[in-house]
Structure formats: C-alpha cells, structure tokens
Amino acid sequence: MHRLAIAMAGRNSNTLPFEGVEMNTETNKRERPRGEHRTSAANRQKILEATLQVAQEYGYQGTTIPRVSLKAQLPTGSVYWHFESKDILFASLMDQSREWLEGFHRKRRPLPGETTRQHLERIYCNAPENEALITQDFWRLGVILSVDQSVREQLSRQRFLDLRQAVIDEYTAWYRQTLPAEIQERCPNRALQMGKFTLVCADGNLIMNASGGTLPGYLRMAGISLIALATSPPDAF
C-alpha cells in the first residue's frame, strides 16, 4: 500500500498539530485493491470511535490527531488518509451520530392511534432509565461545538446545529401526530413549542450528568411534565 504523503506547513507554537495538512491528491485518486477498500472502511470506523473516546477523556480542545491515532492504534498518516483535518473528522463523527440517532428516534415515534399521553408514557414513563443517557457522549461534544466561541471548526459545528434542528423537527412531528386537533387549531405553535421544550429537557439532563450530577427518575419526571404541558389548556402558555 502506498504511503500517504502529508505536508505540514506553517506550524508555530500556537498551531494545533492537525493544522496545515495537505493531502496528496494523486495518492487519493489511485485505484485501491478490493481488500484494501474493506480495510480502509474498518480503519475509518476505528478512527471515529477513537475520536469519541479521546474527546471523552481530554475534551474537545484536547482531542488531537496524534491522540486519536494512538487510541485507534493506527499511524497518523492513516487518520489523515480518511480525514484531512480535525474539522472534517468531527463533522464525519456528527454525520455518523446523526444516522444512529435517526434510527433511535424511529423506534420511539408514535404508534398509529396513540394519544399524546400514551406515547409519552411509553417512551418516557415506562422506558429504562439508561435511555436518558444513551446519546450523552456525542451530544455533549456537539453542545461544546455549538456554544464555545473559541472553536474554529465551523463545518463540524454547523453539522451539529443541523442535527439539533433535525431533532426538533422530529419531536415536533411527534406532537403534531398526537396532540388533539382542538388544541392544535387554537394553538398552532403548540407542537413546535413542545418539540423545543423536549430537547431542552434532554440537554439539561445531559449537562447535569456530564458535570457529575444525577437525577434518578428523570425519564418519568420528564414524561409527566411533558404530558401535563402538552395537554394543558390552549391559553396555558
């Protein structure tokens, strides 16, 4: 297998170790054997998993290509083969997380004929407690990307913001399907308000857990609160 040519340019003491990297386009264009394609796909997945693990341990700013390389047990050149920069690496991680999250939400969508109460009781009040933390790692990373003004990785930040909007759209669709027609007629924005508030609840719980706190019974408490809000009179809020 040909080695990836990497040129490190313009580095100084304030430059992150993954900046100034240029990919050898001729190497990228070459045809690779069938077996190498499979190996490359496996390595790409190892790199993405390693990135999330490193981010958990060192935080966003402390996640560097050399650390990802070490965690993945792959040469640094292999990381750059798949991802030209840290920004592209994190954007790809957000893309993969989005695919997983879409599958997770697909299983939690309202069933035909379910009311708002029945739906929320099923996915919140009667759900295993660990479901509240199932998206914690990559979502916490995304929150850092979205609120930290010092983050220079704009592509990955935008990917997470797009993902957040997709989640709001998903939740809003739940309420549009289950809220009584009378409430939606009198409160056209009720479904959207509930969609945003549902995400606010999830954000708050993840931040609490990330900071070392816990709230036993969170899912049931959230479910009861969401049911009360969703079914409250049109003029309640």
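The values are calculated or read from the model by the stated rules, or taken from the named source; none is laboratory data. If you're wondering where the values come from, they're calculated on a predicted model, not measured in any experiment. Cβ atoms come from the backbone with ideal geometry, glycine included; neighbour counts cover every protein chain shown.
How many residues does region 87-110 hold that are basic (Lys, Arg), part of a helix (DSSP H, G or I) and either at pLDDT 90 or above or not assigned by TED's automatic domain parsing to the domain that holds residue 179 (or both)?
Of all residues in region 87-110, those basic (Lys, Arg) come to 98, 106-109.
With part of a helix (DSSP H, G or I) added as a condition, the list becomes 98, 106.
This time we only want the ones that are either at pLDDT 90 or above or not assigned by TED's automatic domain parsing to the domain that holds residue 179 (or both), so: 106.
Counting residues in region 87-110 that are basic (Lys, Arg), part of a helix (DSSP H, G or I) and either at pLDDT 90 or above or not assigned by TED's automatic domain parsing to the domain that holds residue 179 (or both) gives 1.
In this structure, residue 87 does not satisfy being surrounded by fewer than 18 Cβ atoms within 10 Å (Cβ to Cβ) and within 18 Å of the chain's Cα centre (by Cα).
Let's see how each residue does on (1) among the aromatic types (Phe, Trp, Tyr); (2) farther than 21 Å from residue 138 by Cα; (3) out of contact with any Ser or Thr (no Cβ under 6 Å at 6 or more places or on another chain); (4) outside the structural domain of residue 105 (by TED's automatic domain parsing):
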site: 181; (1), (2), (3), (4): no, yes, yes, no
site: 195; (1), (2), (3), (4): no, no, no, no
site: 198; (1), (2), (3), (4): no, no, yes, no
site: 213; (1), (2), (3), (4): no, no, yes, no
site: 219; (1), (2), (3), (4): no, no, yes, no
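Number of residues in region 50-76 that are over 21 Å from residue 210 (Cα atoms) and not polar (S, T, N, Q): the value is 9.
I need a count of the residues in region 168-183 that are assigned to a helix (DSSP H, G or I) and modelled with pLDDT of 95 or more. Full working, then the answer.
Filtering region 168-183 down to residues assigned to a helix (DSSP H, G or I) leaves 168-178, 181-183.
With modelled with pLDDT of 95 or more added as a condition, the list becomes 168-178.
Here the count works out to 11.
Checking the structure you have, find out if any residue of region 151-158 is surrounded by 17 or more Cβ atoms within 10 Å (Cβ to Cβ), at pLDDT 95 or above and either in the same structural domain as residue 218 (by TED's automatic domain parsing) or closer than 21 Å to residue 87 by Cα (or both). Taking every residue of region 151-158 in turn, none turns out to be surrounded by 17 or more Cβ atoms within 10 Å (Cβ to Cβ), at pLDDT 95 or above and either in the same structural domain as residue 218 (by TED's automatic domain parsing) or closer than 21 Å to residue 87 by Cα (or both).
Of all residues in region 196-213, those that are without any contact (Cβ under 8 Å) to a residue 60 or more places away in the chain have Cβ atoms under 6 Å from Cβ atoms of residues that are part of a helix (DSSP H, G or I), 6 or more apart or on another chain, in 196/168; 198/171; 199/167; 199/168; 201/222.
I'd like the full set of residues that are of a type outside the set (Phe, Trp, Tyr), closer than 25 Å to residue 231 by Cβ and in a helix (DSSP H, G or I), limited to region 111-130.
In the first step, residues of region 111-130 are kept if they are of a type outside the set (Phe, Trp, Tyr); the result is 111-123, 125-130.
Next, from what is left, pick out any that are closer than 25 Å to residue 231 by Cβ: 111-123, 125-129.
Scanning region 111-130 gives 116, 117, 118, 119, 120, 121, 122, 123, 125, 129.
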